[in-house]
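Each remark here refers to the structure printed beneath this line.
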Amino acid sequence: MAPKYNAHWARSINGGYAQGAQVEISFEKEKNLGKGTGTEPKPTVKKQRIVEPAKMVKTSYIETLEEVNSFIKTLREELEEAIAKDERIKIR
């Protein structure tokens, strides 16, 4: 498996600073590296989504099974939506 090289940018794509607008640039070596292809690795941009589970809770404490299920359902939906959009998830 080819190693990955990651570089995180604190700027958004348009050059301005914004929370949650970080972009990850990944470079993956080609499978044919070493076979004389002479090509550079292709950069892929993957958007990052910040998920904050504490903000998904409606109360200060979870005390019932119903509250647990509601919290887990909300968290699962958020995570699944990010994965479906091919986003990288950062938990805060």
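Structure data summary
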| item | result |
| --- | --- |
| Whole-Hz couplings from phi, Karplus 6.51/-1.76/1.60, listed for segment 67-79; x for Gly and Pro | 5, 4, 4, 5, 5, 4, 4, 4, 5, 4, 4, 5, 5 |
| Distant-in-sequence amide H partners of residue 47 (H built 1.01 Å from N, under 5 Å) | 88 |
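Only the coordinates and a few stated rules stand behind these numbers; no lab work does. None of these values were measured; they are calculated from a predicted model.
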